[in-house]
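The values are calculated or read from the model by the stated rules, or taken from the named source; none is laboratory data. All figures in this text were calculated on a predicted structure; none of them were measured in a lab. All Cβ positions, even for glycine, are placed from backbone atoms using ideal geometry, and neighbour counts span all protein chains on display.
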Amino acid sequence: MLRSSKAGGDHVQRPTAPVPAQAVRFTTPVVETPGIFILTGWLWRFLRMLVLLPIQFPVSVATVTASVAVYVVFDWVGLTVLWTVVDLGLLVWWRRWPSSFKARVALRALATWRRFWIYRRHWQPVLVVSGLAESYLERQYLPQIRGVVCSAWADRVRVKLVAGTAPAEFEHRVAELAHGFGAPSCRVEVRGPRDLVLEFPRRDMLADPIDALPVPDSPEGVDLAALPVGRCEDGQPWRLRLHGAHVLTVGVTGAGKGSVLWSALRAMVPAIHAGTAQVWAIDPKRMELSYGRALFARYADAAEEAVELLEEAVAAMQDRAQRYAGRQRVHVPSVRDPFVVVVLDEVAFLTAYHPERDIRRRAENAIATLTSQGRSVGFCVLAALQDPRKEVLNLRNLFPDKVALRLDEASQVDMVLGEGARDRGANAHLIDPGLPGVGFVKLEGSPAPVRVRAAFVTDTDIDHMASRYSGASSVSDEVAR
Ligand SMILES: Nc1ncnc2c1ncn2[C@@H]1O[C@H](COP(=O)(O)OP(=O)(O)OP(=O)(O)O)[C@@H](O)[C@H]1O
């Protein structure tokens, strides 16, 4: 039976055979909605809006209600007096307490205005055209705007997602959203299930160069785990963790890598002066670091010397680890056991470009050992690199913290900041060449990349630092101990 040519064959449609027309077709009947239902729906929505309006916009509703009440009771004269008094009060508030006025009045009024004029007005067309509206049974579902908050530099639009969609759909369309709402960029921050925030900058807070930040007054004022090196896009200080981390700064030539290195060193010079921190510098280009040579406990520019310096650092680190074994788990910087920062400008010179294979191998081994074992015993590698590809530096994942300055290609963003960083708005390949020192970082505790700018430490600043703080660092020769 099963072998018969008919068995099972009746139901199999051969790929080339035409689909037969159905003799009988079942379709859902179309029933016209009675007008009364439509009217009831509209009325229900209108009443709901009236009830919710005072809850959603209490200040605006109170203002309009009070104005109407005063007009009804006291006519135009009363209304004019009321508004004159209110305006004078606002004027005094603005002049006397400008920041509180800005936070409580100006930015809130701006948020209400932009919510309706920019976001509500363009929401449907932008989302439909960019493919973020969902369709189901011939009905269209749009993510909802839950609120708009304005800060001094950006609008944050809180959005409730349509059930069954994922934040990744927004992350893949940041360019469409930015253009759609007339913003220079858009970043997506996921706050919880079906809850995300779209951040649209209104102006660039990092457009102007930042002068070198003040040097802390004393070594006690230096927090090696949070050195201020510049500013974040929201105006907050950008702090770089060196103690307990390794930092890789990547950017094309002229991207401003030097300003990240020098800002970090500037923030810790009192500790260098007191001898609780040391800088071991490798400067293959002989341009970037040679200026502040007096600040360094060790310095090398030639390849052979540089590799020896790295191997000395490994020996010192291992010696310290041996002394700590079983006795101490956390490194506390002291004159005896200073925090050692190995600064490596253009690390690829040693790991990829040097013609001698032995130099490349030794340099790579030493960097790998320092980055994988140095954190807990107070050794940190602070490196700069132009090209982040694996062939150039296959150790890049041993650096827990990375800074992406201006990059050549879009694909390099995820190489530096990790997968998905570009989708979340870290467009390091689109940074304006006229903005050196601008880049993206991932701050602790948040997967969303943050745009930052390093302060610019000029040659004069370096001269001053070198003459004021040099010579005091007690170079403890750990290898000898
Ligand atoms: N943070 C900054 N703010 C303003 N201008 C900066 C900043 N950083 C660098 N610049 C300017 O950009 C120029 C190039 O910077 P820098 O030499 O640090 O780049 P780089 O990435 O180290 O380049 P290279 O890899 O070629 O050494 C500097 O001479 C300076 O004029």
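Quick notes on this structure:
- Filtering region 230-250 to residues that are in contact with a Phe, Trp or Tyr (Cβ under 6 Å, 6 or more places away or on another chain) and either surrounded by 24 or more Cβ atoms within 10 Å (Cβ to Cβ) or of a type in the set (A, V, I, L, M, F, W, C) (or both) leaves G230, C232, H246, L248.
- Selection status of T112, among the β-branched types (V, I, T), in a helix (DSSP H, G or I) and within 35 Å of the chain's Cα centre (by Cα): yes
- Only listed residue being in the same structural domain as V190 (by TED's automatic domain parsing), more than 30 Å from A66 (Cα to Cα), touching a Gly at 6+ places or on another chain (Cβ under 8 Å) and of a type outside the set (S, T, N, Q), chosen from E138, E134: E134
- For region 425-444, the candidate set comprises residues that are under 18 Å from S263 (Cα atoms) and at pLDDT 90 or above; within that set, the residue that is surrounded by the fewest Cβ atoms within 10 Å (Cβ to Cβ) is L435.
- Assessment of region 251-270 against the conditions (in contact with a Phe, Trp or Tyr (Cβ under 7 Å, 6 or more places away or on another chain), away from the ligand (no atom under 14 Å from the Cβ) and modelled with pLDDT under 90) yields no matching residue.
- Any hit, region 124-144, residues being within 28 Å of P237 (Cβ to Cβ) and without any contact (Cβ under 8 Å) to a residue 60 or more places away in the chain: no
- Criterion: loosely packed, with under 10 Cβ neighbours inside 10 Å and free of Cβ contacts under 8 Å to residues at least 60 places away in the same chain - qualifying residue of R96, R121: R96
- If you go through region 181-208 and keep only what is within 16 Å of the ligand (Cβ to nearest atom) and either buried (at least 17 other Cβ atoms within 10 Å of the Cβ) or part of a strand (DSSP E or B) (or both), you end up with M205, L206.
- Residues of region 395-412 classified as within 10 Å of T371 (Cα to Cα) and polar (S, T, N, Q), total: 1
- With respect to (1) under 25 Å from W238 (Cβ atoms); (2) assigned to a helix (DSSP H, G or I); (3) of a type outside the set (K, R); (4) more than 16 Å from the ligand (Cβ to nearest atom), the lone exception for V381 is condition (2).
- Test: residue in region 234-252 that is over 20 Å from the mean Cα position of the chain (by Cα) and among the aliphatic types (A, V, I, L, M): no
- Condition check for A315: buried (at least 18 other Cβ atoms within 10 Å of the Cβ) and more than 13 Å from the ligand (Cβ to nearest atom): no
- Residues being farther than 23 Å from S467 by Cβ and touching a helix residue (DSSP H, G or I) at 6+ places or on another chain (Cβ under 9 Å) are represented in region 288-304 by at least one member.
- Every residue from region 318-352 that is more than 16 Å from the ligand (Cβ to nearest atom), at negative phi and small (G, A, S): A321, A325, S334
- Residue check for D234: of a type in the set (D, E) and under 21 Å from E312 (Cα atoms): no
- Filtered residues of region 424-471 (kept if within 12 Å of the chain's Cα centre (by Cα), under 24 Å from V252 (Cβ atoms) and of a type in the set (D, E, K, R)): R424, K442, R451, R453
- Residue in region 353-371 that is modelled with pLDDT under 90, within 16 Å of the ligand (Cβ to nearest atom) and outside any loop (DSSP other than H, G, I, E, B) present: yes
- Selected residue (criterion: modelled with the lowest pLDDT) from residues of region 294-331 that are part of a loop (DSSP other than H, G, I, E, B) and under 34 Å from the mean Cα position of the chain (by Cα): R329
- Only residues that are among the hydrophobic types (A, V, I, L, M, F, W, C) and within 13 Å of the ligand (Cβ to nearest atom) were counted in region 210-247, giving 5.
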